[in-house]
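The values are calculated or read from the model by the stated rules, or taken from the named source; none is laboratory data. The model shown is predicted, which means the values in this text are computed figures rather than measured ones. Glycine also receives a Cβ, built like all others from the backbone with ideal geometry; neighbour counts cover every protein chain displayed. Ligands, DNA and RNA are excluded from the accessible area calculation, which covers all protein heavy atoms including side chains. Shrake-Rupley method; radii C 1.70, N 1.55, O 1.52, S 1.80 Å.
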Amino acid sequence: MTNALNLAAPVDTLAMEFTREFDAPVQALFRAHAEPDLVKQWLGPHGLEMVIEEWNFTGHGGYRYVHSNEHGDFRFNGTFHTVRENELIIQTFEFDGAPDMVNIEFMWFEDLGDGRSRLRGRSICPNTEARDALLSSGMEGGMTEGYEKLDVLLESL
C-alpha cells in the first residue's frame with residue numbers, strides 16, 4: 001500500500017506542513033528517525049549517497065550530514081532541541097548552500113493502532129523567500145521518494 005504525502009504551504013504563513021501515514025508501528029517509525037544507520041538508508045531522494053558526520057540524537061544534540069551525487073555535495077546541519085521518544089522531535093535545519101536560513105521543524109509521531117502510524121510535521125522558515133525556495137527546489141518529490149524508501153526499510157524492522 002502506498003501512503004501519500006500531503007504537503008501544504010498556506011500562503012499567509014512562513015510554514016510548510018505535511019502528514020504521511022506508515023504501515024508500521026510508531027516505535028519503528030521513530031527508531032528510523034533516531035538511529036543514524038537507519039536514517040542514511042531512507043533520508044533524501046533516490047540517487048543520493050549519504051554520509052553522516054555527526055548524529056547526537058538527544059535534546060540539545062546536533063547533526064551534520066552530506067548528500068552526494070554526480071552534481072556535487074549538499075551539506076545539512078542542525079540541532080535537536082527536543083527529543084521525546086515515539087512522540088516528538090523539534091529540531092533546526094540548515095542547508096549550507098543557504099547559510100543563515102535556519103528552519104525550525106516539528107515532527108509529531110502518532111500511533112494509529114493496528115500497527116500503523118502517522119508522521120505530522122511543520123517547518124517554519126525565516127521568511128517567505130526561503131520557504132518559496134524550498135518549495136521550488138524539488139523538496140516535495142525528494143520527501144516522497146525518501147518516504148517510499150522508508151516504507152521499504154520499515155518492512156524489515
Would you kindly state the longest site-free stretch of the chain, with sites defined as GluC sites (Glu not before Pro) in a DSSP loop (not H, G, I, E, B) surrounded by at most 14 other Cβ atoms within 10 Å?
-> 88-157
How many Å² of accessible area per residue for the chain, probe 1.4 Å?
-> 53
Across D37, D100, D132, the residue with the highest GNM fluctuation in the chain (Cα network, 10 Å cutoff) is D100
Does segment 1-81 classify as rounded, prolate or oblate by the C-alpha gyration tensor (a ≥ b ≥ c root eigenvalues; a/c under 1.5 gives rounded; else a/b over b/c gives prolate, otherwise oblate)?
-> rounded
What residue among V39, V83, V11 has the largest mean-square fluctuation in a Gaussian network model of the chain, using Cα springs under 10 Å?
-> V11
Using only protein heavy atoms and a 1.4 Å probe, report how much of L5 is accessible, in Å² to the nearest 10.
-> 30
On the accessible surface of segment 16-157, probed at 1.4 Å, how many percent belong to carbon and sulfur atoms?
-> 49
In cubic angstrom, how much convex hull volume per residue do the alpha carbon atoms of the chain span?
-> 109
